[in-house]
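Take a look at the structure set out below.
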Amino acid sequence: MKSLSLQEERVKSETGTPKVKSMKSRKRLNISSYIAYLIIIPITLFAIFPFYIMVKSSLEPLDQIISSFNFFPENWFYFENYKKVFSEYPMARWFFNSTLVATMVVIGNIIFCPLVAYALARLKFRGRNLLFFLVLATLVIPIQVLVVPLYLMMAPLGLQNTYAAVIMPLLVSPFGVFLLRQAFLSVPKELEEAAIIDGCGRLRILFSVILPNTLPTLCTVAAINFMWTWGDFMWPSLVLTDEHMKTLPLGIASFQTTSSLVPWDLVISASVVAVSPIIILFLLLQKFFVKGLTEGSVKG
């Protein structure tokens with residue numbers, strides 16, 4: 001017993017007591033966390049500052065926006081710009097159009113992207129790798145190259161000034177297919193094999209086994225497609241010309257009546273209204289973003 005106690009004392013003297021070790025590790029964690037805060041806080045303030053300036057300017061009249069810069073507005077309750085935006089322009093209609101288009105695009109991506117991604121991840125057929133390569137190739141094609149062929153497809157169908165013209169080309173996202181395919185590869189095959197033994201088909205496996213285990217990635221795909229569609233300008237500007245069919249980006253662009261006259265007070269206020277749903281959506285789904293973007297990243 002004495003020999004054992006002597007050995008324990010030697011080990012403690014050489015390695016240190018657990019209490020000392022925990023104190024050292026806590027000090028290291030505190031130092032690293034302080035360094036992280038020193039780096040993250042300035043970056044966060046730098047990223048938030050433009051949005052703050054936009055909100056502040058929306059609460060100021062046009063002459064004050066142009067003439068001078070103040071860090072704080074003179075009146076935090078100056079809402080005349082917002083009243084003008086909604087009274088002089090069909091902002092409510094534009095907001096409805098953007099919401100409808102973005103929602104339908106998200107629903108389409110939630111339905112179609114998992115189907116394509118599951119086929120590329122789990123089904124074995126000839127040309128699977130080639131199809132996946134073609135999906136990836138579409139990610140590097142600039143949108144400017146695609147808008148003319150898309151317009152030539154929509155024009156003969158008589159779809160100008162319709163919701164379908166904006167929604168149909170965006171129902172499947174190559175980025176969503178890629179992200180979901182990588183996430184599906186990270187799901188253990190044993191789960192699928194167990195479901196097959198229980199008599200599940202491919203669709204039942206996809207919606208009952210695969211998607212519940214990759215829900216963060218699916219939410220990330222939905223949020224990213226909503227943001228892309230909500231802020232899209234080029235494609236809707238080609239197929240939508242009717243004033244009441246415009247989305248928010250097109251409506252805000254119509255505020256500029258001449259090349260030299262821009263009502264910045266109205267433009268900024270309308271921009272605050274337009275960006276608000278994106279901020280709310282991000283705050284609601286922020287816990288899914290990091291996990292959704294990194295899920296399956298080690299799978300090939």
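Every number in this text was worked out from the coordinates using simple rules, so none of it is lab data. In this text, all values refer to a predicted model and were calculated from it rather than measured experimentally. For neighbour counting, all protein chains shown are included, and Cβ atoms are generated from backbone atoms with ideal geometry for every residue, glycine included.
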Rounding to the nearest 10 and keeping the result within 0 to 90°, find how far the Cα-based axis of helix 264-294 lies from the longest principal axis of the chain. 30 degrees
Would you look at the GNM of the chain, springs on alpha carbons closer than 10 Å, and say which of Asn109, Asn75, Asn161 moves the most? Asn75
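Which of the residue pairs Lys56/Lys287; Lys246/Lys287; Lys124/Lys189 have a Cα-Cα distance greater than 22 Å in the structure shown? Intermediate values should be presented prior to the final figure.
Values: Lys56/Lys287 29 Å; Lys246/Lys287 33 Å; Lys124/Lys189 14 Å.
As for pairs spanning more than 22 Å Cα to Cα, those are Lys56/Lys287; Lys246/Lys287.
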How large is ³J(HN,Hα) for each residue in region 96-102, as worked out from phi by the Karplus curve 6.51 cos²θ - 1.76 cosθ + 1.60 (θ = phi - 60°), to whole Hz, x for Gly and Pro? 5, 4, 5, 5, 5, 5, 5
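How much of the pair distance distribution for region 65-205 lies past 25 Å, counting alpha-carbon pairs only, in percent? Don't skip to the end; give the middle numbers.
Details: 5386 of 9870 pairs.
Looking at region 65-205, the distances longer than 25 Å represent 55 percent of pairs.
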Ranked highest first by the average count of other Cβ atoms within 10 Å around their residues, in what order do 262-275, 196-209 fall? 262-275, 196-209
Could you give P(r) for region 88-294, binned at 5 Å from zero, as whole percent values over all Cα-Cα pairs? 1, 7, 13, 15, 16, 15, 12, 9, 5, 4, 2, 1, 0, 0, 0
Cα-based helix-to-principal-axis angle, 2-15 vs the chain, degrees rounded to 10: 30 degrees
